[in-house]
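Participant: Sending over a structure as C-alpha cells; questions will come in a sec.
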Ligand SMILES: Nc1ncnc2c1ncn2[C@@H]1O[C@H](COP(=O)(O)OP(=O)(O)OP(=O)(O)O)[C@@H](O)[C@H]1O
Ligand SMILES: [Mg+2]
C-alpha cells in the first residue's frame, strides 16, 4: 500500500501541439495542455474519486499514473518512488478499464493468473529498458515471494512440467510459483463470487461477470494502487449498485489506495473518502463528499455536484444580509457576518439547490412563477418553474398536488443559500 502524490503534473499531446503550430502560445502551451499543473495527494489506503465533465482529463491522469501515457511535466510518486520514468509494469499499479479488456482466448482462471505469471518474466526482460537500474522493491511479501520463485533459476522444473503435462491433473508437476498463483487466483475468485466461472471464456460471461473478472485480475496482482476508469458504466442500474457496494467493501477490506474515475454523481458521492472535481484539465476542489455538497468552493463545483443541479440567480447585495431581485427579497441568516460588506450595492450570484426550494404562500421573499415541466419520480417530484426573468428547478415531496400550468410560489431556504462572486465565481461562504 502506498500514498500517491501528483505534483505539478502537466500533459500536452504532440498531435495537439502540431495542430496548433501556427498559433502563438505561451511558453508552457497552456492553451493546449490537457492537464494543467495538477497537484493531488492520495493518502495511503484512501479511496479517491475523480469526477468531472467529459474531456476534462480524468482518464489521461489515470493513464499518466499507470504509465500508459508519458508525462510532459511534474512528478508522480507512488510511495517513496518517483515513477515518472518507470514502465507501467514496474509501477505496482493495476488498472481496471471501462471496456473490461479481458483476453478473449483465455479462461477466467488464466485471465486472473495472467498478470501474476508475467511478474517474473516481465521484471527480467524489462531490466535492460531501465538501463540496469535495480528492481524497485515490492512492498508486499506475497509479491516478493512470487517474484523470487518466478525469476529464480529452477532449471529442473521445466522438464518436469513438460514430462508430466499429459498425466491426469492430480499427477502433473505444478511449479511452486504456479501453486502460489493458484492460491491467489482462487482466493480472489471466491471474494468476487466468480469461483464457479473459472473454466469459462469471456464470451460465455455476462457483462457483470466480465466486470468482476476484470476487477479480480487487478486484485490478484495485489498492487499498491488500484486505478479504475469508469469500471461500472457498462452495467445495468441494479448490477451497478451491487458492484459499487462490492468494490467499496473490498477496498475498505484490502486497504489498497484507489483512484476511481466516474462521472456518475451517486458513485462519486457514495464511494470515495474524498472527491477531486476536475474541469478543463484543472482540479477545482478536493474534499469529502458532504463538504463538496455543503461548501462548494466555486460555481463550477456547486453546479457539478448535486443532481438536479443548483439554480443560479443574479442578485443585488444590500449588506450585511439582504439580497434583492426584482421578484423577491431574501434575508440571509446572521452567520454571514460581514462577509457581504465588500459586495454592498453590487451584484452577486445566488446559488440554491432544487431541494432547498419549496412550495409556499405569496410573500415578498418568495418567487412567483408557473410550472412549465414536471417529472414525478414517485419518491420525489421535479418542477421547472418559470418566473419573471428566471427559471428554477425545484425538488418537492411526491404528495404535493400540482400540475403543469399551475401558478405557484417558491420559498428559498435562506440558511441553504450559496453566494458566488460574479467575476471570479468563487464562493463567498466561509471556507
Ligand atoms: N492521444 C491523444 N491525443 C490528443 N488528444 C487527446 C488524446 N487523448 C486524449 N486527448 C484529449 O485530452 C482531453 C482529455 O481526455 P480524457 O480522455 O482524459 O478525458 P476524460 O475526462 O476521461 O473524459 P470522458 O469522461 O469522456 O472519458 C480530451 O480533450 C481529449 O480529446
Ligand atoms: Mg475517460
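Values quoted throughout were computed directly from the atomic coordinates according to the rules given, and no laboratory measurement underlies them. Here the structure is a predicted model, which means the values were calculated and not measured. Cβ atoms come from the backbone with ideal geometry, glycine included; neighbour counts cover every protein chain shown.
Participant: Can you tell me the orientation of helix 141-151 relative to the chain, as the angle in degrees between its alpha-carbon axis and the longest Cα principal axis, to the nearest 10?
Facilitator: The helix 141-151 is inclined about 40 degrees to the chain.
Participant: If you don't mind, another one. On the first, second and third principal axes, largest extent first, how far apart are the outermost C-alpha atoms of segment 173-293 in Å?
Facilitator: Principal extents (Cα only, largest first): 57, 29, 25 Å.
Participant: Summing -39500 (n - 2.57) over the DSSP H runs of n ≥ 4 in the chain and dividing by its residue number, what mean residue ellipticity at 222 nm do you reach, to the nearest 500 deg cm²/dmol?
Facilitator: Calculated mean residue ellipticity at 222 nm is -8500 deg cm²/dmol.
Participant: Using Cα-Cα distances under 8 Å and only pairs 6 or more residues apart, what relative contact order does the chain have, in percent?
Facilitator: This gives 16 percent for the chain.
Participant: Next question. What residue among 389, 170, 216 shows peak mean-square fluctuation when the chain is described by a Gaussian network model with Cα springs under 10 Å?
Facilitator: Of 389, 170, 216, the most mobile in the Gaussian network model is 170.
Participant: Return one number: the angle in degrees, 0 to 90 and rounded to the nearest 10, between the long axis of the Cα atoms of helix 108-129 and the longest principal axis of the Cα atoms of the chain.
Facilitator: Approximately 80 degrees, to the nearest 10.
Participant: For the pair residue 249 and residue 339, how long in nm is the line joining their label points, each one 7 Å along Cα→Cβ?
Facilitator: About 4.0 nm separates the two model spin labels.
Participant: Provide the gained length on full extension for the span residue 403 to residue 365, in nm with one decimal, where the gain is 0.36 nm per separating residue minus the Cα-Cα distance.
Facilitator: Stretched out fully, the residue 403 to residue 365 stretch lengthens by 11.4 nm.
Participant: For segment 350-413, divide the Cα radius of gyration by the Kirkwood radius and give the resulting Rg/Rh value with two decimals.
Facilitator: 0.92
Participant: Next up: Just to confirm the number: angle between the C-alpha axis of helix 237-254 and the first principal axis of the chain, 0 to 90 degrees, nearest 10?
Facilitator: The angle comes out at about 60 degrees.
Participant: At 7 Å along Cα-to-Cβ for each site, give me the label-to-label distance between residue 204 and residue 37 in nm.
Facilitator: 5.6 nm
Participant: Between residue 295 and residue 322, what FRET efficiency follows from the Cβ-Cβ distance if R0 is 25 Å, with the result rounded to 0.05?
Facilitator: 0.65
Participant: Put one equal scatterer on each alpha carbon of segment 308-420, apply the Debye formula with no solvent term, and list log10 I(q)/I(0) at q = 0.23, 0.24 1/Å to two decimals.
Facilitator: -1.27, -1.36
Participant: Could you please rank 85, 236, 195, 399, placing first whichever residue has the fewest other Cβ atoms within 10 Å of its Cβ?
Facilitator: 399, 236, 85, 195
Participant: Okay, next question. Specify, per residue and in Å³, the volume enclosed by the convex hull of the alpha carbon atoms belonging to the chain.
Facilitator: Per-residue hull volume (Cα only) is 193 Å³.
Participant: Could you give the length gained on full extension between residue 68 and residue 187, defined as 0.36 nm per residue of separation minus the Cα-Cα distance, in nm?
Facilitator: 40.0 nm
Participant: Let me ask something else about it. How far, in nm, would the chain grow between residue 196 and residue 163 when pulled straight, counting 0.36 nm per residue and subtracting the alpha carbon separation?
Facilitator: Result: 8.9 nm gained on full extension.
Participant: Could you give the nm distance between label points at residue 7 and residue 423, where each point is 7 Å from its Cα heading toward the beta carbon?
Facilitator: Output for this residue pair reads 3.5 nm.
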